[in-house]
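Here is the structure we will look at, set down as structure tokens.
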Amino acid sequence: MDRALLKKQSTDNAVEEIKNRLDIIETVSEHIVLKKSGRNYWGLCPFHKEKTPSFSVNAEKGIYKCFGCGEGGDSISFLMKVNNTSFWETMVMLAQKFNIELPEAGVTSESSEYKKQILEINKYAAEFYKKMLLENKEAKNYLLKRGINETIIEEFSLGFAPVSADELIKKYDKDILQKIGLLSFKNRIIIPIQDEKGNFIAFGARAMADSQGPKYLNSPESPVFNKSRSLFGLYQAKDSIKELDSVILMEGYFDVISAHSHGLANVVATLGTALTEQHIRIVARYSESRRIYLAFDSDEAGVNATNRGAEIIKSAFSGLGEIRHFDENFADSTVKQDRTACEIRVITTNTGKDPDEFLREHGAEAYKELINSAPLLIDYQINRIINLNEKISSPQDKAKLGKEVIPLLSEIRNSIIRNEYIKLVAGRLSIDEESLNIEVRKNLQKVTYPQANKNGLLFKNQEEKYVLAQKNLLSLYFLNNEKFAPLCINNYIKEVELSDTHLNLIKKHIDEIIDEFNDSDKLFKELLNKLAENEEAKKVLTDLIYRVEDKKDLNFELLEQYLTDHILYLKTYQVSERQKQLRASYYADNNDDTSSELHQQKVKELISERRL
Ligand SMILES: [Zn+2]
């Protein structure tokens, strides 16, 4: 085989592998929060401004469609659009991400190699640090004193960085070691930071001696480490988050490690940075009901972090339903899940201790009680205001607190619950209930609530209706109905003329491959392959998949009726359009007798055709 052909073949294989590795939910979730509702996932469209979700993802088919702006396609279309990149740029990016060689696009490239190299060095370093820990009694004792045993040391690959980094320098380039921060760790406990797959992407390093500053050092950001996208402990916690359907967010490395050593495994921490929407999107992927516990420190900084964190979470879930505001036992869990976008609860130790200290002092059972009785965010925030109110006496300060409570109350959508809270707050803050009610209602008008908006686009004129009918018709190829297999649909549709270029192209491909792919799913996959680099056609194809949804429940007779009605409509439309054209040209050249006669002949033919 000649070299060019070989290169092309390996590129095709690479593209194929990238496509197989792509998961639409994962891809889209990196950019917006999705919520499952019915068969599909919904979220706020990243391509147009909206407050209620009309962006839908079909995990089974690996496609998305926005009912607001009409965007649609597969994972690759999504990435091209969201990153504003070409097909090849997107492929290059993905090849680098998945560490797949893409020779034709020149991806054996430095950046991919550099990433690989960092991961390799980090892996080696983690092993080296672990070996050093086992050899260093002082460091091992330090961990044992903090209640961390060998199982946990193993699970988190904890280590110790000696004063000398010679062992690393002997093996790797000093400049790179310097760049990724490994030369700055001296006489420190090493806490490796892993990504979701377990790769070592960075390190945290805690000073052994109190005289040693700073207390913590972290690896700098690198091509493999982005603080605002990484959560400490996720690799160890992800299974438990899924299983318990909840996640506890803490502040420090040792909070997380301590929680794990006390048998609480659904715990992660941000890495010395404030919580970001990206963090929330990551944990949202693992917990379906999105129950998020904020377990920050109880000091003032911790309270601020809690409030800020809550805002970030709300913003990440905005438009997807309400934040859970009350503990209802009467509604069953599926109803609850569908109505609420997420549930935020706050764990406070009240003793001013951080989770690590609390766990070591009071044990796992006591902390589990704190989890079980953790108030919903709204209760936590209102309680805080009530407690503050009891500590102050100046009327101005009290008025200020009253103002703080109004936006909280306005967020409660259920009016019965809201009124209960207003009564409670008015009583505790000694404010007039009616005036608080009025203030809250004024504020309510500013808050918009999500409404279901899943209707298709309304067509504006006859021509749009005509194209829509063509789409409806072609969508039937994807019915996945044994009685209406693609070949059978093809028998009906074979002779139908299509006016839309993309539909024509799709139909042309269908005709070419239908003998080989007489199965809706396989046909769709093959079409996606054929149209891989044609974004517009892919958008139309996605649209067809969504259009077929509401036809899946129709029985054989109704489907047949639907087919024949549509075919008749299309034919009638085409005939009347041709008549219009003929009439126009008849009037344009009615001086010419022969051409007039010809026209009349054609009109007659058309009329008889229409009677069919
Ligand atoms: Zn949109």
| query | Inside region 353-383, can you point out the residues that are open to solvent by less than 70 Å² (accessible area, probe 1.4 Å) and out of contact with any strand residue (DSSP E or B) (no Cβ under 9 Å at 6 or more places or on another chain)? | reply | Lys353, Phe358, Leu359, Gly363, Ala364, Ala366, Tyr367, Leu370, Ile382
| remark: The condition from (1) touching a residue at least 24 places away in the same chain (Cβ under 8 Å); (2) within 16 Å of the ligand (Cβ to nearest atom); (3) open to solvent by 50 Å² or more (accessible area, probe 1.4 Å) that Ser77 misses is numbered (3)
| query | Would you call Lys19 within 16 Å of the ligand (Cβ to nearest atom), in a helix (DSSP H, G or I) and among the basic types (Lys, Arg)? | reply | no
| remark: Given the conditions (1) surrounded by fewer than 17 Cβ atoms within 10 Å (Cβ to Cβ); (2) free of Cβ contacts under 8 Å to residues at least 40 places away in the same chain; (3) not acidic (Asp, Glu), every one holds for Leu505 apart from (1)
| Looking at Ile180, Ile152, Ile148, which is the one that is over 30 Å from His362 (Cα atoms), of a type in the set (Val, Ile, Thr) and open to solvent by less than 60 Å² (accessible area, probe 1.4 Å)? | Ile180
| said: Quick check on region 22-38. Is at least one of its residues within 12 Å of the ligand (Cβ to nearest atom) and of a type in the set (D, E, K, R)? | reply: no
| query | Which condition breaks for Glu482 when tested against (1) among the acidic types (Asp, Glu); (2) under 30 Å from the mean Cα position of the chain (by Cα); (3) surrounded by fewer than 20 Cβ atoms within 10 Å (Cβ to Cβ)? | reply | (2)
| message | Looking at region 520-535, can you tell me whether even one residue there is part of a helix (DSSP H, G or I) and touching an Asp or Glu at 6+ places or on another chain (Cβ under 7 Å)? | response | yes
| request: Considering (1) open to solvent by 10 Å² or more (accessible area, probe 1.4 Å); (2) hydroxyl-bearing (Ser, Thr, Tyr); (3) at pLDDT 85 or above, say which one Ser56 fails and leave the rest. | output: (1)
| field | Filtered residue count, region 245-266, keeping only those that are surrounded by 24 or more Cβ atoms within 10 Å (Cβ to Cβ), touching a residue at least 40 places away in the same chain (Cβ under 8 Å) and under 26 Å from Lys35 (Cα atoms) | value | 4
| remark: Considering residues that are out of contact with any helix residue (DSSP H, G or I) (no Cβ under 9 Å at 6 or more places or on another chain), touching a residue at least 60 places away in the same chain (Cβ under 8 Å) and closer than 22 Å to Lys442 by Cβ, the number found within region 358-412 is 0
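Do you know which of the residues in region 210-229 that are assigned to a loop (DSSP other than H, G, I, E, B) and touching a strand residue (DSSP E or B) at 6+ places or on another chain (Cβ under 6 Å) is surrounded by the fewest Cβ atoms within 10 Å (Cβ to Cβ)?
From region 210-229, those assigned to a loop (DSSP other than H, G, I, E, B) are 210-215, 219-221, 223-224, 226; that's our starting set.
Retained after the next criterion (residues that are touching a strand residue (DSSP E or B) at 6+ places or on another chain (Cβ under 6 Å)): 215, 219, 224.
Values: Lys215: 10, Ser219: 25, Val224: 20.
Within region 210-229, the match that is surrounded by the fewest Cβ atoms within 10 Å (Cβ to Cβ) is Lys215.
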| task | State whether the residues of region 82-105 include one that is open to solvent by 50 Å² or more (accessible area, probe 1.4 Å), more than 16 Å from the ligand (Cβ to nearest atom) and among the basic types (Lys, Arg). | result | yes
| Going through region 46-70 one residue at a time, which ones are near the ligand (Cβ under 8 Å from one of its atoms), free of Cβ contacts under 8 Å to residues at least 60 places away in the same chain and farther than 27 Å from Asn480 by Cβ? | Pro46, Phe47, His48, Cys69
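Test Leu558 against the stated conditions and say whether it is over 23 Å from Ser75 (Cα atoms) and at pLDDT below 90.
Working: over 23 Å from Ser75 (Cα atoms): yes; at pLDDT below 90: yes.
So Leu558 passes the test.
Looking at region 427-512, what helices (runs of 4 or more DSSP H) fall wholly within it and have at least 1 residues that are modelled with pLDDT under 85?
Working: elements: 433-444, 462-475, 486-493.
Filter on region 427-512 gives 433-444, 462-475.
From Glu120, Glu154, grab the single residue that is out of contact with any helix residue (DSSP H, G or I) (no Cβ under 8 Å at 6 or more places or on another chain), of a type outside the set (S, T, N, Q) and under 21 Å from Ala269 (Cα atoms). Before you say what the answer is, go through the steps one by one.
Working: Glu120 fails: under 21 Å from Ala269 (Cα atoms).
Unique residue meeting the criteria: Glu154.
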| request: Within region 330-345, identify whether any single residue is at pLDDT 90 or above, under 26 Å from the mean Cα position of the chain (by Cα), surrounded by 15 or more Cβ atoms within 10 Å (Cβ to Cβ) and under 30 Å from Lys51 (Cα atoms), and answer yes or no. | output: yes
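The values are calculated or read from the model by the stated rules, or taken from the named source; none is laboratory data. Quick caveat, the model's predicted, so the values are computed rather than measured. For neighbour counting, all protein chains shown are included, and Cβ atoms are generated from backbone atoms with ideal geometry for every residue, glycine included. Calculation scope for accessible area: heavy atoms of the full protein, side chains included, ligands and nucleic acids excluded. Shrake-Rupley method; radii C 1.70, N 1.55, O 1.52, S 1.80 Å.
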